[in-house]
Amino acid sequence: MSDGVRAAVLFDEPLARHTAWRTGGPCDAYVVANDEEAVQTVLADCKAVGWKLTVLGAGTRSVVREGGLEGVVLKLGQAFVSCAFVEPDLLVIGGATPVPAALAFAASHGLAADPALYAVPGTFGASVLMDDWHVASARVARSRRVGEVDAAALGPRFKGVVVEATVRLERVGSIEAEARFRRALKKPDIPPSSWVVGARSVRAELRRASLERIRLRQVAIPVEAPELMVNLGGGTARDMHLLHRSAVERVRRVRGVKLETRIKWVGSN
Ligand SMILES: Cc1cc2nc3c(=O)[nH]c(=O)nc-3n(C[C@H](O)[C@H](O)[C@H](O)COP(=O)(O)OP(=O)(O)OC[C@H]3O[C@@H](n4cnc5c(N)ncnc54)[C@H](O)[C@@H]3O)c2cc1C
């Protein structure tokens, strides 16, 4: 999107092009907004005419079904990728910023985060709603206005768009911060899991239930990292759901362990 363009709109846009899982049929309008006013205008217009609106970050938690999504899908543009200091241990981070990039920036300035956050591959705007950040305040867009809210307003049920948030991190000095960052990437305290949670080691539980090396057409549970379900190319949301459901059921039956999903299936079949 060239400079100065406030929003780009694509009609009947296949969402498989815009989600990490590479699945998903079309939405009526795919909007990339590049300033707060554009975000607020999209929210207000959708409300005014009753269009359904879905906010999309990196799509690492959202598996879009083959039938696609009705209405408008809103994505924050490049202008919302930012990190800046407010105080020595207080960072304001843009909603579209990839979490690993924000944590790399923080580490290079001597700041460290909660170990669990280093494994999150998605965007900050989504993560601040679901993960354990020390939020001081957030700037959010709703249909009527863009404004500040405090941390209590955020959470998985939040309605609106997080355009940026201010978070407190731990000042530990660059050497320690960089060491924690590298360690978390190499050997994360809490191994990342893209599809299920609920066991100290999801990898171990899946292995003990003989679930690694399982493939269903173009989706698979890889032997190297069974906690990372993968789309081998052309895999469908339907197959991912089938594989996901049967794996969780098998772990429950064989291991007596109830794994919870970390993925959200959205859209129609
Ligand atoms: C390989 C892999 C490993 C993972 N490991 C972890 C892990 O270790 N820990 C962990 O917690 N998660 C993990 N996840 C899950 C996921 O990455 C996180 O939940 C991440 O925060 C989701 O961000 P996203 O931008 O991809 O969200 P999306 O899937 O795009 O959206 C998720 C939800 O947030 C909403 N949303 C997105 N952006 C905004 C915004 N700016 N304002 C308001 N609402 C918004 C969407 O509407 C949707 O409801 C992993 C995923 C993968 C693929």
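A few notes on this one:
- Local charge for G234 was computed over the other residues whose Cβ lies under 9 Å away, with Lys and Arg +1 and Asp and Glu -1, and equals +2.
- Alpha-carbon geometry of the stretch 48-191: the Rg and the Dmax are 15.9, 53 Å, given in that order.
- Under 9 Å, Cβ to Cβ, from V196 - net charge with Lys/Arg +1 and Asp/Glu -1: -2
- Remark: the stretch 201-214, residue by residue, has Karplus-estimated 3J(HN,Hα) of 10, 4, 4, 4, 5, 5, 5, 5, 8, 6, 9, 7, 6, 9 Hz, where x stands for each Gly or Pro and the curve is 6.51 cos²θ - 1.76 cosθ + 1.60 at θ = phi - 60°.
- In the context of the full protein assembly, D45 retains an accessible surface of approximately 80 Å², using a probe radius of 1.4 Å and ignoring ligands and nucleic acids.
- Phi-based couplings in Hz for the stretch 79-92 (Karplus 6.51, -1.76, 1.60; Gly and Pro marked x): 4, 9, 9, 7, 9, 8, 7, 9, 9, x, 10, 10, 10, 9
- By a 1.4 Å probe calculation restricted to protein chains, I263 has an accessible surface near 10 Å², given to the nearest 10.
- Accessible area (Å², 1.4 Å probe, nearest 10) - R17: 150 Å²
- Cα-only Debye scattering, the stretch 86-156: base-10 log of I(q)/I(0) at q = 0.11, 0.20 Å⁻¹: -0.27, -0.87
- Value of Rg/Rh across the stretch 117-199 [Cα atoms, Kirkwood radius]: 1.03
- For the stretch 7-78, convex hull volume per residue from C-alpha positions, Å³: 76 Å³
- Rounded to 5, percent antiparallel among DSSP beta bridges of the chain: 75 percent
- Note on the stretch 196-266: the alpha carbon radius of gyration divided by the globular reference 2.2 N^0.38 Å gives 1.01.
- Cα gyration tensor, the stretch 121-269 - rounded (a/c under 1.5), prolate or oblate: oblate
- A Stokes-Einstein calculation at 37 °C with viscosity 0.692 mPa s, built on the Kirkwood radius of the chain over Cα pairs, returns a diffusion coefficient of 167 µm²/s.
- Expressed as a whole percent, the accessible area of the chain that falls on carbon and sulfur atoms is 54 (1.4 Å probe).
- The mean accessible area for residues of the chain, using a 1.4 Å probe and ignoring ligands and nucleic acids, is 51 Å² per residue.
- Mean-position separation - Cα centroids, the stretch 117-156 and the stretch 170-187, in angstrom: 23 Å
The values are calculated or read from the model by the stated rules, or taken from the named source; none is laboratory data. Model, not experiment: these values are computed from the prediction. All Cβ positions, even for glycine, are placed from backbone atoms using ideal geometry, and neighbour counts span all protein chains on display. We work out accessible area using only protein heavy atoms, side chains counted, and drop any ligands, DNA or RNA first. Shrake-Rupley method; radii C 1.70, N 1.55, O 1.52, S 1.80 Å.
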